[in-house]
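So the structure is just underneath, and the comments pick up after that.
The values are calculated or read from the model by the stated rules, or taken from the named source; none is laboratory data. No experiment lies behind these values; they were computed from the predicted model shown. Cβ sites come from the backbone with ideal geometry, for glycine too, and all protein chains shown count toward neighbours. Heads up: the accessible areas ignore ligands, DNA and RNA and are worked out on the full protein's heavy atoms, side chains in. Shrake-Rupley method; radii C 1.70, N 1.55, O 1.52, S 1.80 Å.
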Amino acid sequence: IWLMPGSNKRTDFQLFLCNGDNKERLFELIEETWIQRIELLEGRVIYFARGEICRRIDSEGVVEEILLRTNHEEADTKIAYLTQHALDSIENLKQVCVRSPSGDIDIIIIMVGAFGKSETEIFIDNGTGKYRKTIRIDSSRLTEKQQNALVGFHAMSGNDYVSSFMRKSKKIWKL
């Protein structure tokens, strides 16, 4: 594992992250850093779910959220579940921001379907680099009926994109 204090960054970080142990250590390091620098949260709350454990990190300290323990591997629905828990358990919550670097639209569709008409402002920080956008989920123009149908439609249609095919069109055959 290369992510030790004082170690150098690998030149091929993508290859580095192909190793599951390295990826797990990266997330351990991120969690440890938030805990060590808790004063930087400035009133924010972070739910850090890694493996089966979920910890709430805020200015008061670190608490393991027993009710949020799960062995669920699918991140999209886990994120929606954690968002719902935050909405239910934190009084006077004004904003929620979910960071989703993937260009995948699953999390956006699930969040619009679940929280499209929320009283709390819900944002998704989506994408990377020049394609990074912040999308406000709670101000959807879809009707409630459309929102309720959105998740089921997406699941049935399998409508998704794979980044390796992004911006590549279908070949047109000429007869």
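Kindly indicate whether Lys117 is open to solvent by 40 Å² or more (accessible area, probe 1.4 Å) and either aromatic (Phe, Trp, Tyr) or part of a helix (DSSP H, G or I) (or both).
no
Being open to solvent by 40 Å² or more (accessible area, probe 1.4 Å) and hydrophobic (A, V, I, L, M, F, W, C): is that true of Ile57 here?
When the stated conditions are applied, Ile57 does not pass them.
Could you list, in sequence order, all residues of the range 30-48 that are open to solvent by less than 60 Å² (accessible area, probe 1.4 Å) and farther than 23 Å from Asn92 by Cα?
Glu31
Kindly provide the set of residues from the range 61-93 that are open to solvent by 40 Å² or more (accessible area, probe 1.4 Å) and farther than 23 Å from Gly43 by Cα, ordered by number.
Across the range 61-93, the qualifying residues are Arg69, Asn71, His72, Glu73, Glu74, Ala75, Thr77.
Open to solvent by 30 Å² or more (accessible area, probe 1.4 Å) and at pLDDT below 80, is that true of Ile105?
Judged against the criteria, Ile105 is a match.
For Glu52, which of the numbered conditions (1) open to solvent by 40 Å² or more (accessible area, probe 1.4 Å); (2) within 28 Å of Ser140 (Cα to Cα); (3) not small (Gly, Ala, Ser) fails to hold?
The single condition Glu52 does not satisfy is (2).
Might you check whether a residue that is of a type in the set (Val, Ile, Thr), under 26 Å from Ile137 (Cα atoms), in contact with a helix residue (DSSP H, G or I) (Cβ under 9 Å, 6 or more places away or on another chain) and assigned to a strand (DSSP E or B) occurs anywhere in the range 64-75?
There is no residue in the range 64-75 that is of a type in the set (Val, Ile, Thr), under 26 Å from Ile137 (Cα atoms), in contact with a helix residue (DSSP H, G or I) (Cβ under 9 Å, 6 or more places away or on another chain) and assigned to a strand (DSSP E or B).
Can you pull out the residues in the range 124-145 that are among the small types (Gly, Ala, Ser) and exposed (fewer than 11 other Cβ atoms within 10 Å of the Cβ)?
Answer for the range 124-145, where residues must be among the small types (Gly, Ala, Ser) and exposed (fewer than 11 other Cβ atoms within 10 Å of the Cβ): just Gly129.
From the list Val63, Val98, which residue is modelled with pLDDT of 80 or more and touching an Asp or Glu at 6+ places or on another chain (Cβ under 8 Å)?
Val98
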